[in-house]
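The values are calculated or read from the model by the stated rules, or taken from the named source; none is laboratory data. All values reported here derive from a predicted model rather than from experimental measurement. Neighbour counts run over all protein chains shown; Cβ positions are idealised from the backbone, glycine included.
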Amino acid sequence: MEYTTLGKTGLRISRMGFGGIPIQRIDAQGTRELMKKLAESGVNYIDTARSYTVSEEYLGYGLEGIRNRFVLATKSMSRTKDAMAADIEISLKNLRTDYIDLYQVHNPSMEQLDTIVGEGGALEALLEAKAAGKIGHLGLTAHSTAVFERALSLDWVETIMFPYNIVENQGEELIAKCREKNIGFIDMKPLAGGAIENAALALRYVCSNPAVTVVIPGMADIAELDENVRACSDTSPITEEEKAELEKIRQELGTDFCRRCNYCAPCTVGINIPSVFLFAGYLERYNLADWAKERYFGLPVKASACVECGECESRCPYHLPIRQKLKKCAEEFGE
């Protein structure tokens, strides 16, 4: 495993970290087994969030006895001082630790960022927790290039997390600026939320960019961990044949696709929007019609149930036309 320094934090971390979103799909004991395997594999960076339901709690259980072997990062969507202070305490309790190495402001809009840095904003609570030794360092996550660019100018921001993968390179120039300013760059969505099937090539592509400090693929089992470690440890150059495959993936996916971040939830009528789009992707792109239809028709609420309220679109960080896409899915699947 290759190690690097996380920007101005000075923290020494593995080039590949662990994304904690998929922890929600397993259980506490499975998380403990996965954490032990992480330690054995040399992976020492873990990312989670208050909004990932049970992720913090399972990780707290899984890290008992080995907490000191990891650099632990979490994040909160709270925007005010009181709400952020409460979230920090919940994170400490859930993670069963008395300090968190990196605490991040989670996906603020430009307007919310004004609230965060203003009087009575979340930044006050973060700085107080840092002064008290409860937090080591501060960072910010974003899905918008405008927020990313602004974050580069904020002196308290030590790390920035942003999507970067084969099909999403809109932040490439800003990622390079992170390196110039010694701000750690944490890459989320390296597999475009699962839309990219060739995980090994996708991770090698991300790791070939020296401005990426750490990449954090989400993992829920040891097989995924082993595959991802192999990919991130492979420093061989991307071949011409692989470059052709990269271009093919870009052409197939474009930019109008669901990253399965789940920020659109909850749907007012109960549609599992990311799953609908996932199965539609398999139907359209990978010639797995029977597999896709079987799983789609197993969903309790189908795309045709959409009442076009638009609540999901107001929450989508990628501004996808979800209502239009659901209508298309209903037509393709016939329900």
- Check every one of the helices (runs of 4 or more DSSP H) wholly within the stretch 164-256 and list those with 3 or more residues that are modelled with pLDDT under 90 and not hydroxyl-bearing (Ser, Thr, Tyr). 240-253
- Message: Let me spell it out: the conditions are (1) assigned by TED's automatic domain parsing to the domain that holds TYR52; (2) surrounded by fewer than 13 Cβ atoms within 10 Å (Cβ to Cβ); (3) within 21 Å of the chain's Cα centre (by Cα), and GLU227 meets all of them except one. Which number is the exception?
- Response: (2)
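Taking LEU152 as the residue in question, decide whether it is hydrophobic (A, V, I, L, M, F, W, C), under 27 Å from SER314 (Cα atoms), assigned by TED's automatic domain parsing to the domain that holds ASP87 and surrounded by 22 or more Cβ atoms within 10 Å (Cβ to Cβ).
Numbers: hydrophobic (A, V, I, L, M, F, W, C): yes; under 27 Å from SER314 (Cα atoms): yes; assigned by TED's automatic domain parsing to the domain that holds ASP87: yes; surrounded by 22 or more Cβ atoms within 10 Å (Cβ to Cβ): no.
So LEU152 fails the test.
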- Message: What pairs come out if I take residues in the stretch 30-41 that are not assigned by TED's automatic domain parsing to the domain that holds GLY17 and buried (at least 18 other Cβ atoms within 10 Å of the Cβ) and pair them with residues that are at pLDDT 95 or above and part of a helix (DSSP H, G or I) whose C-beta lies under 6 Å away, six or more apart or interchain?
- Response: none
- Item | Any hit, the stretch 82-105, residues being crowded, with 16+ Cβ neighbours inside 10 Å, of a type in the set (Gly, Ala, Ser) and either touching a residue at least 40 places away in the same chain (Cβ under 8 Å) or not assigned by TED's automatic domain parsing to the domain that holds SER144 (or both) | yes
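Report yes if some residue within the stretch 38-46 is within 16 Å of the chain's Cα centre (by Cα), within 18 Å of ASP226 (Cα to Cα) and not β-branched (Val, Ile, Thr); otherwise report no.
Yes, the stretch 38-46 contains at least one residue that is within 16 Å of the chain's Cα centre (by Cα), within 18 Å of ASP226 (Cα to Cα) and not β-branched (Val, Ile, Thr).
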- Do we have VAL301 as at pLDDT 95 or above and exposed (fewer than 12 other Cβ atoms within 10 Å of the Cβ) here? no
- Task: Identify, from the list CYS316, CYS258, the residue that is within 15 Å of ALA195 (Cα to Cα), surrounded by 15 or more Cβ atoms within 10 Å (Cβ to Cβ) and outside the structural domain of ALA49 (by TED's automatic domain parsing).
- Result: CYS258
- Query: Of all residues in the stretch 107-145 being at pLDDT 95 or above and assigned to a loop (DSSP other than H, G, I, E, B), which is nearest to LYS81 (Cα to Cα)?
  - Reply: GLY120
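Which residue, of GLU332, GLU308, GLU294, is acidic (Asp, Glu) and at positive phi? Before you say what the answer is, go through the steps one by one.
Details: GLU332 fails: at positive phi; GLU294 fails: at positive phi.
That would be GLU308, the only listed residue that is acidic (Asp, Glu) and at positive phi.
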- Task: Report yes if LEU278 is closer than 30 Å to SER208 by Cβ, of a type in the set (A, V, I, L, M) and touching a Lys or Arg at 6+ places or on another chain (Cβ under 8 Å), otherwise no.
- Result: yes
- Please name all residue pairs, on different chains or six or more residues apart, with Cβ atoms under 6 Å, provided the first residue is in the stretch 107-136 and is under 30 Å from CYS264 (Cβ atoms) and the second residue is in a helix (DSSP H, G or I) and basic (Lys, Arg). GLY120/LYS81; ALA125/LYS81
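Look at the stretch 146-163 and say how many of its residues are out of contact with any helix residue (DSSP H, G or I) (no Cβ under 7 Å at 6 or more places or on another chain) and in a helix (DSSP H, G or I). Before the answer, list the steps.
First, the residues of the stretch 146-163 that are out of contact with any helix residue (DSSP H, G or I) (no Cβ under 7 Å at 6 or more places or on another chain): 151, 153-155, 161, 163.
Of the ones still in play, those that are also in a helix (DSSP H, G or I) are 151.
Residues in the stretch 146-163 being out of contact with any helix residue (DSSP H, G or I) (no Cβ under 7 Å at 6 or more places or on another chain) and in a helix (DSSP H, G or I): 1 in total.
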